[in-house]
Every structure is written in structure tokens, then in C-alpha cells.
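A.B. asks: Starting off with a structure, shown below.
The values are calculated or read from the model by the stated rules, or taken from the named source; none is laboratory data. The structure displayed is predicted, hence computed values, not measured ones. All Cβ positions, glycine included, derive from the backbone under ideal geometry; neighbour counts span all protein chains shown.
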Amino acid sequence: MIKSKAWDWGIVKGESKEYWLEPAIESYYLIQRWLAQGKKEFLDLGCGLGRHTIQFAKAGFKTSGFDLSEESITKTKEYAIASNVEVTLKVGDMLDLPYDDKSFDCIYCRNVISHTDTNGMRKIVSELKRVLREGGECYLTLGSKQTWGFKQDWPIVDENTKIRVEDGPENGIPHFYADFDLIVELFKGFQIVKVFQVEDYILKKEPLSSFHYHVLIRKKQP
Ligand SMILES: C[S@@+](CC[C@H](N)C(=O)[O-])C[C@H]1O[C@@H](n2cnc3c(N)ncnc32)[C@H](O)[C@@H]1O
């Protein structure tokens, strides 16, 4: 399994930082969905600057934020204090989550669990299953094999994984890319509720877009 590497949040500034502070579109849907289902304990896995940690805490969830980057957890803590919400924060690696079995009703991992290789992905999927309660849900995104990154001449780790090369916060970080068949195989131990592929256009630059799968899974009742 490839060694995990955190984002370098110290170099994220200006417009890019603003992007990572604004909640993603589906987060509003997830809040409504999970409140309606009576879910309470929420984990923001790979919380970054804390945009969803704070959003879900404000919406009334008992919220935990978790990230490999110490800077990410420091920034999320400052954001929580400024927002006057209580959250539980931990630094650690998603390959070995520091939570008891069945700790959470709902988990959000947006643009996080792709930061590993194929063996790492299988370990993360088993960790998600372990820490979710029966009937609990997880919404996650995965890089798609259709996206430009998978077509780059970057160092290859395995048939699904490359090491990103860039002048930015993701330099040297593994990226796992999926297709639909691989998603069905990876999450066969869950009920797959929804899978869709989104093309995100990057505005103000040359026409460039990236493709991600969005996946909603539910831990089956025994
Ligand atoms: C693209 S950012 C997304 C942040 C957040 N989910 C959001 O949507 O704003 C990816 C985050 O995953 C974290 N990360 C990468 N590998 C990780 C690992 N092995 N364990 C925990 N967090 C990890 C990075 O440090 C970074 O904060």
C-alpha cells in the first residue's frame, strides 16, 4: 500500500482558498436527507479547511472532522471557534480510522479517498464499513478514468493510480481513478444508492474540466 501524503494547505491562497471554504452543492441535499432520516453523528472524512465540518455542525449534527494534515485541523478548529460551534477534530490517516466500530450515522468524503492506491482504496472501503452503523450512509467522490489527470504522463503506481505532478497542494499525492464497474466491485459489501458522474468546468482558465464519480452508499442491515 502506498504511503499517505497530506495536502499542503499552506500554499492555498486567494481564490483557491475561497473555493475550499464554500460548501459543495450536494452538501445542502445531504443535510436535508440525513436530518430527515434522523441521523445525528456525522464524520467529515478529510475535512480540509472545514467547510463541511462547520456547515454540518451548524445544521445540528454531532460532528467530527478528520484529516491527515495538521494544518487542516488547526484551520478547522479556528473556523469552528469563529463560528461558535462545537466539533471534535482529529489528525490521522483514513487507512486506519481512530474511531470505534459503528461510531457514525453518516460520513462525507469529498475528494478525499482517491488519495491512495488500489490496495489503500480497499482498506478505506473496509474502514468506512467498520465505522458506519447499520443503515448508515456515506457520500463520497472518486476521480474518474475519463478525467484529464488519468491521461497524464505521471508516475504509475498500479493500473488505477498515478502520482500527481504539479506546482500546487497536491504535488506528489497519489490519485486513484475509477470507472463504473470498479465502483460496483469496490462497494459490493454496501447497498449502492446512487452513482453519477459529474463534469466540473474550471472557469477563468483555458477550457478544462474534470470528471468525478459521486457515490452514495448505505451499510446494509445485518
Ligand atoms: C481535496 S481536499 C478536500 C477537503 C474537503 N473534503 C473539502 O471538500 O473541502 C483533500 C483532503 O484530504 C486529506 N487527505 C489526503 N490523504 C488523506 C489520508 N490518508 N487520511 C486523511 N486525510 C487525507 C488532505 O490532507 C486534504 O485535506
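A.B. asks: In the stretch 4-28, which residues are at pLDDT 90 or above, surrounded by fewer than 11 Cβ atoms within 10 Å (Cβ to Cβ) and not acidic (Asp, Glu)?
C.D. replies: Residues of the stretch 4-28 at pLDDT 90 or above: 20-28.
Narrowing the set further to residues that are surrounded by fewer than 11 Cβ atoms within 10 Å (Cβ to Cβ) leaves 22, 25.
Of everything in the stretch 4-28, just one residue is at pLDDT 90 or above, surrounded by fewer than 11 Cβ atoms within 10 Å (Cβ to Cβ) and not acidic (Asp, Glu), namely ILE25.
A.B. asks: Conditions first: (1) in contact with a His (Cβ under 8 Å, 6 or more places away or on another chain); (2) within 14 Å of the ligand (Cβ to nearest atom); (3) not hydroxyl-bearing (Ser, Thr, Tyr). LYS162 passes all but one, so which condition is the exception?
C.D. replies: Condition (2) is where LYS162 drops out.
A.B. asks: Among all residue pairs at least 6 apart or on different chains, which show Cβ distances below 6 Å where the first residue, located in the stretch 94-119, is on the phi < 0 side of the Ramachandran plot and aromatic (Phe, Trp, Tyr) and the second is within 7 Å of the ligand (Cβ to nearest atom) and part of a helix (DSSP H, G or I)?
C.D. replies: TYR108/HIS52
A.B. asks: Since THR141 meets every condition but one in (1) within 15 Å of the ligand (Cβ to nearest atom); (2) among the hydroxyl-bearing types (Ser, Thr, Tyr); (3) out of contact with any Cys (no Cβ under 8 Å at 6 or more places or on another chain), which condition does it not meet?
C.D. replies: In the conditions (1) within 15 Å of the ligand (Cβ to nearest atom); (2) among the hydroxyl-bearing types (Ser, Thr, Tyr); (3) out of contact with any Cys (no Cβ under 8 Å at 6 or more places or on another chain), THR141 misses (3) alone.
A.B. asks: Moving on. Mind checking which residues of the stretch 53-77 are more than 9 Å from the ligand (Cβ to nearest atom), among the small types (Gly, Ala, Ser) and part of a loop (DSSP other than H, G, I, E, B)?
C.D. replies: Result: ALA59, GLY60.
A.B. asks: Okay, next question. Checking the conditions here, which among CYS138, CYS109 is at pLDDT 95 or above, under 20 Å from TRP9 (Cα atoms) and buried (at least 18 other Cβ atoms within 10 Å of the Cβ)?
C.D. replies: Numbers: CYS138 fails: under 20 Å from TRP9 (Cα atoms).
Every option except CYS109 fails the conditions.
A.B. asks: Residues in the stretch 192-207: is at least one exposed (fewer than 14 other Cβ atoms within 10 Å of the Cβ), of a type in the set (Val, Ile, Thr), assigned to a helix (DSSP H, G or I) and away from the ligand (no atom under 13 Å from the Cβ)?
C.D. replies: No, there is no match, as no residue in the stretch 192-207 is exposed (fewer than 14 other Cβ atoms within 10 Å of the Cβ), of a type in the set (Val, Ile, Thr), assigned to a helix (DSSP H, G or I) and away from the ligand (no atom under 13 Å from the Cβ).
A.B. asks: Restricting attention to the stretch 8-38, and to residues there that are in contact with a His (Cβ under 8 Å, 6 or more places away or on another chain) and not in a helix (DSSP H, G or I), which single residue is nearest to ASP117 (Cα to Cα)?
C.D. replies: Start the filter on the stretch 8-38 by keeping residues that are in contact with a His (Cβ under 8 Å, 6 or more places away or on another chain), which leaves 23-24, 26-27.
Next cut, not in a helix (DSSP H, G or I) only: 23-24.
On the way: PRO23: 27, ALA24: 25 Å.
Selected residue: ALA24.
A.B. asks: Now for a separate question. Select from the stretch 78-125 the residues that are under 12 Å from the mean Cα position of the chain (by Cα) and part of a strand (DSSP E or B) and write down the one among them that is farthest from the ligand (Cβ to nearest atom).
C.D. replies: This residue is ILE107.
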